[in-house]
1. Return the long-range amide H neighbours of TRP52 (sequence gap of 5 or more, or a different chain), with a cut-off of under 5 Å between placed amide H atoms.
2. When the Cα atoms of the range 1-68 are enclosed in a convex hull and the volume is divided per residue, what value in Å³ results?
Amino acid sequence: MSKMRVVQVPRAGGPFELVERDIPEPERGWVRVKVDACGVCHSDSLVKEGHWPGIQYPRVPGHEVIGVVDGVGDFAVKYDRVARGPVLAGLLVSVAAVVIEIVYELITA
């Protein structure tokens, strides 16, 4: 299986560490995004320090990402309102926009 590098927090209050993980296959209804850039916001700092209840560790912070779709699960999204077309492998995306669209498609299907 192919590998990816991620920066994770091993435990609440722990240091950032660079590790390798297997690249997962996208599940039904999911897309996999190869991340080009990631922002870390204040809520991520709360997760790192263990101030967010119910979080499991190790944890990879960062949910504000830009990247390229490099895998699509079994369920196809009909239309991406940002790209104005179908979500296909190779599409440059903002993850927040794709997640919102997938949730919308699941709710309205």
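Throughout, read-outs are computed from the coordinates displayed, never taken from laboratory work. As the structure is a computational prediction, the values presented were derived from the model and not from experiment.
1. Here nothing satisfies the definition.
2. Measuring per residue, one finds 106 Å³ for the Cα hull of the range 1-68.
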